[in-house]
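Only one structure is covered here, and it is reproduced in the block below.
Rule-based calculations on the coordinates, nothing more; no lab input. Only a predicted model underlies this, so the values are computations on that prediction, with no experimental measurement involved. Note that we place each Cβ from the backbone using ideal geometry, even for glycine, and neighbour counts take in every protein chain shown.
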Amino acid sequence: MSPTLQRIGYVTLGLGAIATLALVAGFLIFAESIARDERTLDGRADGIVVLTGGAQRIGDAIDLLAGGYGRRLLITGVNERTSRDEIARLNPTQRHWIECCVDLDYRARNTIGNAIETRRWMRQHRFNTVAVVTSNYHMPRTLVELDHALMGKDRVLPHPVIAEGFDADRWWRHPGTARLIGSEYLKFLVSWLRTRFESDPEQSRAAIMMGRGKPIKLVSESIMRAQY
């Protein structure tokens with residue numbers, strides 16, 4: 001092998017090693033940044049939005065609404081077979097709030113869609129601030145998508161929900177948790193990179209491709225799990 005080819009090989013290996021170290025370091029920083037505890041919102045917002053998919057998210061969001069932390073609540077990513085009456089039936093003590101102040105979004109099929117529908121909803125109600133409720137490991141990517149959709153003009157208050165059995169402090173001891181964090185980290189990187197190049201999520205080719213044939217998350221299942 002010629003000296004030139006050897007040098008190219010060494011440079012390639014060196015760059016690969018640096019990229020690997022950067023990826024690992026980024027993962028460790030990401031894992032450390034995940035919220036460990038649920039905290040009371042730092043202030044009140046005009047509206048509240050909750051992304052379906054986690055067992056505790058819906059109940060926590062309705063509690064925030066009842067507590068006066070927002071004037072209306074948007075549940076985004078609702079299954080098309082789930083009605084307002086079903087949600088009220090599964091949360092009988094919160095029926096008043098569900099009937100008066102909860103909006104259901106049936107269109108969003110992924111986090112990009114959640115951000116788009118949140119923007120539309122905020123514009124419809126002329127809201128400038130929103131509290132967002134989702135799982136702690138999903139919050140970083142959600143904030144990236146919301147910041148991109150809202151163009152940084154509106155204030156977002158995160159309210160991360162800690163899933164039962166999710167141990168962010170000792171994730172390396174639990175293969176399932178480690179895989180979940182690793183998967184979410186890669187999705188976070190893709191979202192961050194994509195939003196550097198896209199000017200408007202509603203024109204996102206990635207959103208269209210990701211949404212094709214993907215079923216909408218089941219709100220009713222999440223609420224029922226939260227009841228028991």
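Assign one of three labels to the stretch 86-206, namely rounded, prolate or oblate, based on the Cα gyration tensor with a ≥ b ≥ c the square roots of its eigenvalues; rounded applies when a/c is under 1.5, prolate when it is not and a/b is larger than b/c, and oblate otherwise. Don't jump to the answer; show the numbers that get you there.
Values: a/c = 2.10, a/b = 1.11, b/c = 1.90.
Oblate.
If I build a Gaussian network model for the chain, linking alpha-carbon pairs within less than 10 angstrom, which residue out of Asn79, Asn128, Asn136 has the largest mean-square fluctuation?
Taking springs between Cα atoms under 10 Å, the residue moving most is Asn128.
With θ set to phi - 60°, apply the Karplus curve 6.51 cos²θ - 1.76 cosθ + 1.60 along the stretch 163-172 and write out the HN-Hα couplings as whole Hz, x wherever there is a Gly or Pro.
So the Karplus estimates, Gly and Pro as x, are 5, 4, x, 8, 10, 6, 6, 10, 4, 5 Hz.
Quick one: helix 175-197 against the long Cα principal axis of the chain, what's the angle to the nearest 10°, folded into 0 to 90?
On a 0 to 90 degree scale, this one is about 90.
Taking the chain as a Gaussian network, where each spring joins two C-alpha atoms under 10 Å apart, which residue of Ala168, Ala45, Ala22 fluctuates the most?
Taking springs between Cα atoms under 10 Å, the residue moving most is Ala22.
Using Cα-Cα distances under 8 Å and only pairs 6 or more residues apart, what relative contact order does the chain have, in percent?
Values: 334 pairs, mean separation 64.2, N = 228.
The normalised contact order for the chain reaches 28 percent.
Tell me the mean residue ellipticity at 222 nm calculated for the chain from its helices only (DSSP H runs of n ≥ 4, each -39500 (n - 2.57), averaged over every residue, nearest 500). Intermediate values should be presented prior to the final figure.
Values: 9 runs with 121 residues, N = 228.
About -17000 deg cm²/dmol.
Give a residue-ordered list of calculated ³J(HN,Hα) values for the stretch 111-120 (Karplus: 6.51 cos²θ - 1.76 cosθ + 1.60, θ = phi - 60°; whole Hz; x for Gly, Pro).
Values per residue, Gly and Pro as x: 5, 4, x, 4, 5, 4, 5, 5, 4, 4 Hz.
When a/c is below 1.5 the answer is rounded, else prolate if a/b is larger than b/c, else oblate, so apply that to the chain with a ≥ b ≥ c taken from the square roots of the Cα gyration tensor eigenvalues. Working shown, then result.
Numbers: a/c = 2.26, a/b = 1.83, b/c = 1.24.
Because a/c hits 1.5 or more and a/b exceeds b/c, the chain counts as prolate.
5 Å is the cut-off here: which amide hydrogens, built 1.01 Å from N in the peptide plane, fall below it relative to Val161, excluding neighbours closer than 5 in sequence?
Counting only residues 5 or more places away or on other chains, the set is Thr134, Ser135, Asn136.
Given H placed 1.01 Å from N in the peptide plane, which residues other than close sequence neighbours of Leu74 have an amide H under 5 Å from its amide H?
Amide H to amide H, under 5 Å and 5 or more residues apart or across chains, Leu74 pairs with Ile48, Val49, Val50, Asp103.
So which GluC sites (Glu not before Pro) in the stretch 1-89 end up in coil per DSSP with only 16 or fewer other C-beta atoms within 10 Å?
Values: sites: Glu32, Glu38, Glu80, Glu86; in loops: Glu38, Glu80.
Listed in order of number, the matching sites are Glu38, Glu80.
Based on other C-beta atoms within 10 Å, arrange Glu198, Glu99 from fewest to most. Intermediate results must be reported in sequence, preceding the final value.
Working: Glu198 16, Glu99 12.
The fewest-first ordering by Cβ neighbours comes to Glu99, Glu198.
Of Met151, Met139, Met122, which is the most mobile in a GNM of the chain whose springs link Cα atoms less than 10 angstrom apart?
Highest fluctuation of the listed residues: Met151.
With charges set only on the Cβ (+1 for Lys and Arg, -1 for Asp and Glu), what does the dipole of the chain come to about its Cα centre, in debye to the nearest 20? Walk me through the intermediate numbers first.
On the way: 31 positive and 25 negative charges, 107 e Å.
It works out to roughly 520 debye.
Within the chain, what's the longest stretch lacking trypsin sites (Lys or Arg not before Pro) that sit in DSSP loops with no more than 12 other Cβ atoms inside 10 Å? Before the final figure, lay out the partial values.
Working: sites that count: Arg39, Arg81, Arg126, Lys153, Arg170, Arg212.
For trypsin sites (Lys or Arg not before Pro) (loop position, at most 12 other Cβ atoms within 10 Å), the longest site-free span of the chain is 82-125.
Determine ³J(HN,Hα), in whole Hz, for all residues of the stretch 66-71 in sequence, where each value follows from phi through the Karplus function 6.51 cos²θ - 1.76 cosθ + 1.60 and θ = phi - 60°; x replaces Gly and Pro.
Those phi angles translate into 5, x, x, 7, x, 8 Hz.
Rounded, prolate or oblate: which one fits the stretch 153-204, using the alpha carbon gyration tensor with axes a ≥ b ≥ c (rounded when a/c is under 1.5, else prolate when a/b beats b/c, else oblate)? Write out the running numbers ahead of the final one.
On the way: a/c = 3.64, a/b = 1.77, b/c = 2.06.
Oblate shape, in that a/c is at least 1.5 and b/c is the bigger or equal ratio.
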